[in-house]
Amino acid sequence: MKEFSVPLRVYIEDTDAGGIVYYANYLKFMERARTELLRSFGFGKAATPDSESLLVVASADIKYLAPARLDDELLVTANFQKVAKTYLVFTQQVLCNSRCLCTAQVKVASVSKDTMKPSPLPSDLVAALKNFWGNPL
């Protein structure tokens, strides 16, 4: 299976007073990886600039395994796990020197930008994901 990843460096703004990455910032790192993945397929931040839907995080199950520290070079992955009619599920990791620091399963839902209710994923987005990872369905 193909894997998408983004390199990041830990800056002072990412850390607490002890130089350890603040736990909520792992979510930001993972968001950047998913955003860059979608951008690599030609989709902007909303992932659907010409449609009536938006992509939003519906849930995140995170496991913290080890701390990242100031100036660490990280690699953040975003792997496609599932596509459904109205959502995607990603598995993600934050790595430092090949050591896994954090894992997560993130569900990203498609919603109508007018009503904020679930809407079908854009077909061009689903086609791009299937083309990258193959057809997991």
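Things to note:
- Residues of the stretch 81-112 satisfying the condition of being open to solvent by 90 Å² or more (accessible area, probe 1.4 Å) and over 20 Å from Ala60 (Cα atoms): Asn97, Ser98, Arg99
- Qualifying residue in the stretch 34-50 (condition: in a strand (DSSP E or B) and surrounded by fewer than 17 Cβ atoms within 10 Å (Cβ to Cβ)): no
- Looking only at the stretch 82-116, residues that are in contact with a strand residue (DSSP E or B) (Cβ under 6 Å, 6 or more places away or on another chain) and either under 16 Å from Ala33 (Cα atoms) or free of Cβ contacts under 8 Å to residues at least 12 places away in the same chain (or both) come to 18 in all.
- From the list Ala66, Ala78, Ala58, Ala17, the one residue that fits, being loosely packed, with under 12 Cβ neighbours inside 10 Å, small (Gly, Ala, Ser) and either touching a Leu at 6+ places or on another chain (Cβ under 9 Å) or in a strand (DSSP E or B) (or both), is Ala66.
- Among the residues making up the stretch 112-124, those that are out of contact with any Lys or Arg (no Cβ under 6 Å at 6 or more places or on another chain) and either under 25 Å from Tyr26 (Cβ atoms) or in a loop (DSSP other than H, G, I, E, B) (or both) are Lys113, Asp114, Thr115, Met116, Lys117, Ser119, Leu121, Pro122.
- Taking the criterion of being under 12 Å from Gln92 (Cβ atoms) and modelled with pLDDT under 95, the only residue of the stretch 37-71 that qualifies is Leu37.
The values are calculated or read from the model by the stated rules, or taken from the named source; none is laboratory data. Bear in mind the structure is a predicted one, so any value in this text is a computation, not a measurement. All Cβ positions, glycine included, derive from the backbone under ideal geometry; neighbour counts span all protein chains shown. Side chains included, ligands, DNA and RNA excluded: accessible areas come from the protein's heavy atoms. Shrake-Rupley method; radii C 1.70, N 1.55, O 1.52, S 1.80 Å.
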